[in-house]
Ligand code: LLP
């Protein structure tokens, strides 16, 4: 565990549960693993903010030298608020009104466009005056499950590779400064071959577009969720990617930068959701463990059938029993099925691991249950970085007729 059991128990005692706890040094460690693995390349890393946008997390990520990738204009504004400079911010749009892209240009950040329709509007508005990137749909199937696969032939994302001629026509007609070619094929990718195929395809395209100076390979580096899963072998990815870039430079004399947009890789393992066991309900077939949280706080198990390791913090040495861990939302709301956990008693503290990415960020106040507080462990200190919501927060935006 990146935060010790004792530290987690202390955080729960101080701030109450349900509670998200993050560990700054783990984020730093993951960032260095990436930077070291790709050291042979002229690489830049843009944290995919959509995984977790708490401002203190963004500030920490800025402080370690990482740039930031934003998927909405409000994420761009949060990044600016956290102190990122416009040239450290990448805005990757999809299905947005063109006005949002114009706002990003006004803020001076790098812009990636994912449709010919918006690219044409961009060409008409800015011609060759503002550098631009395009997201290509490479028709590559990759990622942990279909919901998080984004590069295949049925995906809404990107300009389909089969439309490259239209892209070329637009770029030439308007003298556009096409700076970046981008793909993001999915989340939870561990195979080097996916990145290698992507690079080959984009480098081939770079031959057609002489203004291109950046290849953006997106995020998607898998982290282990299950206890027996291996870490992604970054060197096995970096080596063939570096070779492809070196060969390209050798053939063309062009030096390209490579960008990555890691989300999960930076923050997933740094985060825990701490909950308290409210009810134990044995039945003839299943023993249910109910906790004071639910799919409103961590939707990944119900939405993606995602596996999150669960520790019983307050009975870690107990005998293993099989449980169905469920939430308190008025729906089928399982965190884990048939899971072996050290004996669970009412009042025990359960920690859901790998909850840093897309945990709090996808939380809601469904069933009028408030969202948890967030705490950052940094330099041995526990800092509250978002207070627990209250009933008053649920009322704030409502206007009663
Ligand atoms: N870049 C782009 C353009 C993306 O669309 C994404 C994720 C990333 C980078 C970061 O991917 P990562 O490194 O985190 O895998 N909520 C889902 C994941 C959705 C990912 C959406 N796009 C989950 O909890 O599994």
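The values are calculated or read from the model by the stated rules, or taken from the named source; none is laboratory data. As the structure is a computational prediction, the values presented were derived from the model and not from experiment. Note that each Cβ is placed from the backbone with ideal geometry, even for glycine, and that neighbours are counted across all protein chains shown.
Laid out as a table, the results:
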| quantity | calculated |
| --- | --- |
| Cβ-Cβ under 7 Å pairs, at least 6 apart or on other chains, the stretch 346-371 side farther than 11 Å from residue 300 by Cα, far side part of a helix (DSSP H, G or I) and away from the ligand (no atom under 12 Å from the Cβ) | 349/9; 349/12; 351/8; 365/394; 368/394; 370/393; 370/394 |
| Answer from 9, 64, 73 - the residue that is out of contact with any strand residue (DSSP E or B) (no Cβ under 6 Å at 6 or more places or on another chain) and within 29 Å of residue 236 (Cβ to Cβ) | 64 |
| Spans of helices (runs of 4 or more DSSP H) in the stretch 45-133 with at least 3 residues in contact with a helix residue (DSSP H, G or I) (Cβ under 9 Å, 6 or more places away or on another chain) and within 22 Å of residue 178 (Cα to Cα) | 98-107, 116-126 |
| Count - residues of the stretch 346-381 that are within 18 Å of residue 278 (Cβ to Cβ) and in a helix (DSSP H, G or I) | 3 |
| Boolean, residue 219 is under 21 Å from residue 266 (Cβ atoms) and surrounded by 18 or more Cβ atoms within 10 Å (Cβ to Cβ) | yes |
| The stretch 33-55, residues that are more than 14 Å from the ligand (Cβ to nearest atom) and surrounded by 19 or more Cβ atoms within 10 Å (Cβ to Cβ) | 37, 38, 43, 54 |
| Test result for residue 280, within 16 Å of the ligand (Cβ to nearest atom), outside any loop (DSSP other than H, G, I, E, B) and either modelled with pLDDT of 95 or more or within 24 Å of the chain's Cα centre (by Cα) (or both) | no |
| Flag for residue 163 being within 16 Å of the ligand (Cβ to nearest atom) and either outside any loop (DSSP other than H, G, I, E, B) or modelled with pLDDT of 95 or more (or both) | no |
| Any hit, the stretch 121-130, residues being within 16 Å of the ligand (Cβ to nearest atom), in the same structural domain as residue 62 (by TED's automatic domain parsing), surrounded by 16 or more Cβ atoms within 10 Å (Cβ to Cβ) and modelled with pLDDT of 95 or more | no |
| Scan of the stretch 253-269 for residues that are part of a strand (DSSP E or B) and either under 15 Å from residue 48 (Cα atoms) or within 12 Å of the ligand (Cβ to nearest atom) (or both), ordered by number | 259, 260 |
| Test for residue 187: is it surrounded by 19 or more Cβ atoms within 10 Å (Cβ to Cβ) and assigned by TED's automatic domain parsing to the domain that holds residue 208 | yes |
| Flag if residue 384 is outside any loop (DSSP other than H, G, I, E, B), away from the ligand (no atom under 16 Å from the Cβ), over 24 Å from the mean Cα position of the chain (by Cα) and under 17 Å from residue 272 (Cα atoms) | no |
| Within the stretch 283-333, considering residues that are within 16 Å of the ligand (Cβ to nearest atom) and without any contact (Cβ under 8 Å) to a residue 40 or more places away in the chain, the one surrounded by the most Cβ atoms within 10 Å (Cβ to Cβ) | 301 |
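The rows are residues; the columns are (1) modelled with pLDDT of 95 or more; (2) in a loop (DSSP other than H, G, I, E, B); (3) closer than 23 Å to residue 231 by Cβ; (4) not assigned by TED's automatic domain parsing to the domain that holds residue 58.
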position	(1), (2), (3), (4)
306	yes, yes, yes, yes
323	yes, no, no, yes
335	yes, no, no, yes
339	yes, no, yes, yes
